[in-house]
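Undergrad: Below you will find the structure I want to go over with you.
The values are calculated or read from the model by the stated rules, or taken from the named source; none is laboratory data. Remember, predicted model here, so these are calculated numbers, not experimental data. Ideal geometry is used to build each Cβ from the backbone, glycine not excepted, and the neighbour counts take in all protein chains shown.
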Amino acid sequence: MNATLPTSETLRAALAGLLEGEPPARTAAAVDRLIATYRGTTPTHTPVLRDAADAAAYAAYRMPATFEAERAALGALADAAPGWAPGSHVDVGGGTGAAVWAAAATWPGSRTTTVLDWAGPALAAGRDLAAGVPALRDTRWTRARVGGAAGELPACDLLTVGYVLKELTPDDRAALVAGAARAARAVVVVEPGSPDGYERIMAARDLLIGAGLRIAAPCPHDGACPIERGADWCHFAARVGRSSLHRQVKGGSLPYEDEKFSYVAAVRLPAQAAPARVVRRPMTRKGQVLLDLCTVADGLRRETVTKRRGAEYRAARSADWGDAWPPPQREHRQGGAERERDPGSDA
Ligand SMILES: C[S@@+](CC[C@H](N)C(=O)[O-])C[C@H]1O[C@@H](n2cnc3c(N)ncnc32)[C@H](O)[C@@H]1O
């Protein structure tokens with residue numbers, strides 16, 4: 001692994017540095033307030049992250065998880081567009097910069113990066129966190145309101161919108177996604193993996209397709225989602241190793257948690273969506289693996305991969321929820337975006 005690339009370990013170390021000197025009681029109180037706000041009614045009309053303590057609390061409480069979810073979504077885009085790497089990245093509502101870390105972990109090499117957010121303290125915390133990581137040091141942290149009547153978004157190769165749509169009104173969401181479709185060659189939107197997060201992703205997906213972009217991931221096609229609305233929702237899980245700092249801030253004793261997320265990656269560049277995607281945690285039985293797939297030809301279907309299928313069986317045994325099926329060749333990812341060995345994984 002290239003030591004200069006940001007990883008969850010580098011992020012963890014940077015977060016520990018950010019919280020150094022912050023009285024734990026103050027951080028815990030700020031986390032409680034954030035939890036109450038995020039459970040309550042959003043959109044908000046003013047920034048939720050009001051000061052340095054709020055921003056530090058958000059970073060410690062949420063950023064390891066949003067980083068992993070965004071890294072998984074960007075990884076799926078990278079698999080669909082082998083050989084492509086963004087030369088410029090705009091992270092809209094980027095806060096403390098989780099998607100900037102995720103992009104740098106996915107595509108090694110330099111690019112111009114701009115984070116837009118209306119919360120100055122979040123941008124300041126993001127800048128501090130990134131200061132020790134060469135790949136992130138030149139990021140521009142720009143205070144800006146997004147959505148609605150806000151101006152056009154800057155033209156870029158990659159535009160990310162991570163965990164932001166919930167904070168906007170439906171009109172602002174639509175305006176933001178339409179603006180993203182105009183500005184970027186690849187747009188990646190990530191939301192919590194809840195029924196309402198999935199609905200916001202579906203609305204964004206419709207707008208992106210309507211604007212002429214094609215779906216690169218997670219869907220294997222640009223057609224209607226085969227999931228029965230109201231009965232289920234498309235979401236995935238990213239495993240997040242929990243540091244003692246993280247456990248201290250969030251409570252709980254497990255060494256990991258699973259961040260549930262929904263996402264869409266849409267492009268106007270050459271890309272090939274996976275023929276199918278694993279949409280549930282695979283089930284391993286004696287001599288067989290059961291894969292629940294979303295496919296081009298048959299919509300949702302279960303595939304049973306038996307031991308007799310040799311290499312395919314071995315691939316199925318290491319397949320994970322959210323993976324493309326069959327597994328893509330990953331040489332193009334130069335080692336940087338290969339999945340880090342998951343400390344808490346039982347695989
Ligand atoms: C839940 S945080 C997500 C931060 C980051 N994208 C991540 O994935 O960790 C939502 C971010 O959106 C920003 N935001 C919400 N509404 C906004 C608006 N109208 N204009 C600019 N930023 C906004 C917030 O300040 C906050 O930083």
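Undergrad: Are any residues in the stretch 225-256 at pLDDT 90 or above, under 29 Å from residue 33 (Cα atoms) and either touching a Lys or Arg at 6+ places or on another chain (Cβ under 8 Å) or among the acidic types (Asp, Glu) (or both), and if so, which ones?
TA: 235, 236, 237, 238
Undergrad: Checking the structure you have, find out if any residue of the stretch 21-31 is more than 16 Å from the ligand (Cβ to nearest atom), of a type in the set (S, T, N, Q) and buried (at least 17 other Cβ atoms within 10 Å of the Cβ).
TA: Taking every residue of the stretch 21-31 in turn, at least one turns out to be more than 16 Å from the ligand (Cβ to nearest atom), of a type in the set (S, T, N, Q) and buried (at least 17 other Cβ atoms within 10 Å of the Cβ).
Undergrad: Still on this structure: Inspect the stretch 53-66 for any residue being away from the ligand (no atom under 11 Å from the Cβ), surrounded by fewer than 24 Cβ atoms within 10 Å (Cβ to Cβ) and either assigned to a helix (DSSP H, G or I) or touching a residue at least 40 places away in the same chain (Cβ under 8 Å) (or both) and give the result as yes or no.
TA: Checking the stretch 53-66: at least one residue is away from the ligand (no atom under 11 Å from the Cβ), surrounded by fewer than 24 Cβ atoms within 10 Å (Cβ to Cβ) and either assigned to a helix (DSSP H, G or I) or touching a residue at least 40 places away in the same chain (Cβ under 8 Å) (or both).
Undergrad: Filter the stretch 153-203 down to the residues that are under 15 Å from the mean Cα position of the chain (by Cα) and assigned to a helix (DSSP H, G or I), then identify the one that is farthest from the ligand (Cβ to nearest atom).
TA: Out of the qualifying residues, it is 198.
Undergrad: Could you list all residues from the stretch 138-192 that are closer than 18 Å to residue 126 by Cβ and of a type in the set (Lys, Arg)?
TA: The answer is 140, 143, 145.
Undergrad: If residue 165 satisfies all but one of (1) at pLDDT below 95; (2) surrounded by 17 or more Cβ atoms within 10 Å (Cβ to Cβ); (3) of a type in the set (A, V, I, L, M, F, W, C), what's the number of the condition it fails?
TA: For residue 165, the failing item is (1).
Undergrad: Pairs only if they're at least six apart or on different chains, beta carbon under 9 angstrom, first in the stretch 209-228 and touching a residue at least 60 places away in the same chain (Cβ under 8 Å) and surrounded by 13 or more Cβ atoms within 10 Å (Cβ to Cβ), second among the β-branched types (Val, Ile, Thr) and outside any strand (DSSP E or B); list them, first residue then second.
TA: Matching pairs, first to second residue: 218/279; 220/296; 221/296; 227/279.
Undergrad: Next up: Anything in the stretch 67-98 that is assigned to a helix (DSSP H, G or I), within 26 Å of residue 24 (Cα to Cα) and near the ligand (Cβ under 7 Å from one of its atoms)? List them, or say none.
TA: Answer for the stretch 67-98, where residues must be assigned to a helix (DSSP H, G or I), within 26 Å of residue 24 (Cα to Cα) and near the ligand (Cβ under 7 Å from one of its atoms): just 98.
Undergrad: Looking at the stretch 1-18, is at least one residue touching a helix residue (DSSP H, G or I) at 6+ places or on another chain (Cβ under 8 Å), of a type in the set (Asp, Glu) and more than 12 Å from the ligand (Cβ to nearest atom)?
TA: no
Undergrad: Given the condition closer than 30 Å to residue 86 by Cβ and of a type in the set (Lys, Arg), answer yes or no: does some residue in the stretch 288-301 qualify?
TA: no
Undergrad: Of the conditions (1) within 22 Å of residue 201 (Cα to Cα); (2) within 16 Å of the ligand (Cβ to nearest atom); (3) in contact with a Phe, Trp or Tyr (Cβ under 7 Å, 6 or more places away or on another chain), residue 47 fails just one. Which one is it?
TA: (1)
Undergrad: Residue 116 - would you say it is within 13 Å of the ligand (Cβ to nearest atom), in contact (Cβ under 8 Å) with a residue 12 or more places away in the chain, under 17 Å from the mean Cα position of the chain (by Cα) and not in a loop (DSSP other than H, G, I, E, B)?
TA: When the stated conditions are applied, residue 116 passes them.
Undergrad: Kindly indicate which of 232, 298 is surrounded by fewer than 16 Cβ atoms within 10 Å (Cβ to Cβ) and within 27 Å of residue 165 (Cα to Cα).
TA: That would be 232, the only listed residue that is surrounded by fewer than 16 Cβ atoms within 10 Å (Cβ to Cβ) and within 27 Å of residue 165 (Cα to Cα).
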